[in-house]
Amino acid sequence: MTKPTMATNKARKKSKLRHAEYYDFQYIQDNLYAESCNGKVFKHLVEIIAMPENIKLAYRNIKKNSGSHTPGTDGKTIKDLALYTDDELVTAVQRKLEWYVPQSVRRVEIPKGNDPTKKRPLGIPTIMDRVIQQCLLQVLEPICEAKFHDHSYGFRPNRSQEHAIAQVHKDMQRSHLYYVVDIDIKGFFDHVNHGKLLKQLWTLGIRDKKLISIVSAMLKAEVAGVGFPEEGTPQGGIISPLLSNVVLNELDWWIASQWEEIPTQYPYKGTVNPNGSVSKSHKFEALKKSNLKIVTGVRYADDFKLFTDSYQNAVKLYYATKQWLKERLNLDISPEKSKVINLKENYSDFLGLKMKLIKRGKRSNGEPRYVVVSHVRDKSLEKIKVNLKRYMYDMQHPIEGRRTQYQAICRYNSFVLGVHEYYSLATKVCDDFTPFAFSVHKSLKARFRKKVKTAKQVRRKKLPCDIPKYVAEKYGKSRQLRFIEGHAVVPIGYIRHGPPKSMNRKINSYTAEGRAIIHSNLSGIDLGLLHYLMRNPVLSHSVEFNDNRLSLYSAQKGKCAISGENLTIENIYCHHKVPKHCKGGDDYKNLILVTVAVHKIIHDHNNTNVERNIKALNFESKQIKKLENLRKLANVDSY
């Protein structure tokens, strides 16, 4: 299963935040987070989980996930739940929670990495069990977030791979920790101890015995064709990522207790940085004068690294961590993949990149200065190569009724945009992608012959071409840009390095101040939605319509042209100002992006409904005037 891009992850997190506010459940989550920060013990959480607002929010959050259309062992999907009324769905979930017995989990094996012989098992719960897991997640997450360590970045709100890589850069380059201990847990998700996990939830303050028994039942749910598991958390379950973070949170705090959280006799005060992080430089300078081993960790899910300042310390940390994992969590490490690395001599892999240190000048004290240099990992490059060939084959071989050449080009472009977005974090990404550029150009010439045109040829011969605004802005200056049948093909080799940005610690989905920063960041274009529109052109409309839809999304900065609301996958509509039956075309000037609610108002002939809906949306006079103009163009009488 391919990893979602950072843009897709951000889009999902923003969408969940909007949904929580829409269903008026945000206040409850804020209280749970604040009380957890203050050390409260929670004993009546099932009552909150069973609230109608929480159940409706859970349905909303999973409705648009692609996985919601994958059936479980009962053969049902989100389409079956859509037949329920709100009251029927709430009643069904509440009844299941009274005495929860999960249905059997469907087992699916997917390829692991690039090796087709290796498989990764996924457990797919039934759609009703997924709704219940989402209900639990929405209540447990704010409680756990208050207790999770700051150096954990995987599967957490407002945190990403980029933030984890930025932390690694800081430890290597600014903290001068030149030795790393790479730890790989052998089959982590398959060997989580159920009893230990439930005790860890209890330690975090989750002491509702009924809730603990529900989580236990989820862990022990029958796997169809396999039986009842005695250990492990099923990959594929909605709540599994949170539970995996609960298990390894104890490791995070143990590592921190060895250095960062050691109490000192003098109460050093940390200074707060502009991004909300706390600088403990004075305390750390004092600790360095002791004989204690320097250590700091960075973790993304079950992938984690320990940084220190000497080889001897790194070896001691390796064996200490190995022993701690075995004794405390009953987990083994993989000897082949776990090792001590001198970063000045060798590369260390992390989240698709490989990083090391090279000498670059001198520091102020006269010592050599080392900076991070990073490449795309070899396995990742091989995976990109395989996918490029597959997408180019699809462009050359359209399938009537299933895949047009234009669709294939859109999917190719979306893939390249996603690859560029993530791997631009590597400092040497240009060197890594240059061979791809040569092979792609050679392949395009061989596959499409005279159909391929350069940007210069298109301009000189004034050939008709379709190039979305976002592609034009980002790749318009590239000599590598090519056109097939007038459709732009994004150049794989035209990429620049962008340094990873550290996480803004002030951002928090469960505080009013933290959400204010999130909302201010929503003003930018949602790349996840842009990629979605690119991968999913509307087949019943022309190529011109689909390209102009992308250009409009960029021009309108991802907002509804009338309400100013941020457009989402489930709430975006491309409206013809002059309808097609009135001889309106698919040209750019005749299209506009609005929300589904606004589109309904435009075509509503019931003036009473129109007036009521406009009042509900709190439109100002300018917005009402724009709406009236659109209704006139659509031949709908003004209300």
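The values are calculated or read from the model by the stated rules, or taken from the named source; none is laboratory data. Keep in mind the model is a prediction, meaning the values are calculated, not measured. Please note: Cβ atoms are built from the backbone with ideal geometry, for glycine as well, and neighbour counts cover all protein chains shown. Accessible surface areas use protein heavy atoms only, side chains included; no ligands, DNA or RNA. Shrake-Rupley method; radii C 1.70, N 1.55, O 1.52, S 1.80 Å.
Only protein atoms count toward the accessible area here, which uses a 1.4 Å probe; on segment 552-637, the carbon and sulfur part of that area reaches 49 percent. For the chain, the mean residue ellipticity at 222 nm estimated from helices alone is -14000 deg cm²/dmol, where every DSSP H run of n ≥ 4 contributes -39500 (n - 2.57) and the total is divided by all residues, rounded to the nearest 500. With a Förster radius of 30 Å, plug the Cβ-Cβ distance of TYR393 and GLU565 into 1/(1 + (r/R0)^6) and report the FRET value to the nearest 0.05. Step by step, r from the Cβ atoms, then E = 0.15. The magnitude of the dipole of segment 26-79, with charges of +1 and -1 set on the Cβ of Lys/Arg and Asp/Glu and taken from the Cα centre, is near 300 debye.
Translational diffusion coefficient, Stokes-Einstein: compute it for segment 307-453 using the Kirkwood radius over C-alpha pairs as Rh, at 10 °C and 1.306 mPa s, and state it as an integer in µm² s⁻¹. Write out the running numbers ahead of the final one.
On the way: Rh = 19.2 Å.
Stokes-Einstein gives a translational diffusion coefficient of 83 µm²/s.
The P(r) of segment 445-601 has a tail past 22 Å containing 54 percent of all C-alpha pairs.
Ordered by 1.4 Å accessible area with all protein chains kept, GLU222, GLU345 run largest first as GLU345, GLU222.
Answer with one residue from THR73, ALA256, PRO125: the one whose Cα lies farthest towards the positive end of the charge dipole of the chain, charges on Cβ with Lys, Arg +1 and Asp, Glu -1. With unit charges placed on the Cβ atoms, the residue in question is ALA256. Checked against a 19 Å cut-off, the cross-linked pairs LYS359/LYS383; LYS147/LYS170; LYS577/LYS625; LYS147/LYS354; LYS451/LYS589 give Cα-Cα distances beyond that limit for LYS359/LYS383; LYS147/LYS170; LYS147/LYS354; LYS451/LYS589. Think of each Lys and Arg Cβ as +1 and each Asp and Glu Cβ as -1; about the Cα centre, that makes the dipole of the chain roughly 2960 debye. Size descriptors for the chain: radius of gyration and Dmax over Cα atoms are 26.8, 82 Å. Sorting the Cα pairs of segment 196-238 by distance into bins of 10 Å, from 0 upward, gives 26, 50, 22, 2 percent per bin.
Determine the share of segment 105-250's accessible area contributed by carbon and sulfur atoms, expressed in whole percent, with a 1.4 angstrom probe.
Details: 2700 of 5260 Å².
Reported share for carbon and sulfur atoms: 51 percent.
Hey, how much of the P(r) for segment 418-523 falls beyond 20 Å, as a percent of Cα pairs? Within segment 418-523, distances greater than 20 Å cover 55 percent of Cα pairs. Rounded to a whole number, what % of the accessible area of segment 254-388 do carbon and sulfur atoms account for, probe 1.4 Å? Here it works out to 47 percent.
Skip the ligands, DNA and RNA, and give the accessible area per residue of the chain with a 1.4 Å probe, whole Å². Walk me through the intermediate numbers first.
Numbers: 32200 Å² over 639 residues.
Heavy-atom accessible area per residue stands at 50 Å².
What residue among GLN94, THR454, TYR553 has its Cα farthest toward the positive end of the dipole of the chain, where the charges are +1 on Lys, Arg and -1 on Asp, Glu, each on the Cβ? Result: THR454. Residue pairs exceeding 24 angstrom between C-alpha atoms, taken from LYS339/LYS506; LYS96/LYS209; LYS209/LYS506; LYS462/LYS583; LYS442/LYS469: LYS339/LYS506; LYS209/LYS506; LYS462/LYS583; LYS442/LYS469.
Considering only protein heavy atoms, with the full assembly of protein chains and a 1.4 angstrom probe, order ARG459, ARG631 by accessible area, largest first. Write out the running numbers ahead of the final one.
Values: ARG459 160, ARG631 5 Å².
Correct descending sequence by accessible area is ARG459, ARG631.
Based on Cα contacts under 8 Å between residues 6+ apart, segment 140-273 shows a relative contact order of 28 percent.
Heavy-atom accessible area for TRP254, with the other protein chains in place and a 1.4 Å probe, reaches approximately 60 Å².
Sorting SER277, SER257 on solvent-accessible area from highest to lowest, probe radius 1.4 Å, gives SER257, SER277. Ranking PHE25, LEU630, ASN346 by Cα position along the charge dipole of the chain, where only Lys, Arg, Asp and Glu carry charges on their C-beta atoms, puts ASN346 farthest toward the positive end.
Once both labels are positioned 7 Å from their Cα atoms along Cα-to-Cβ, the gap between ALA217 and ILE517 label points is 4.0 nm.
What percent do you get for the relative contact order of the chain when only Cα pairs under 8 Å and 6+ apart count?
Details: 950 pairs, mean separation 81.4, N = 639.
Once divided by the residue count of the chain, the mean separation gives 13 percent.
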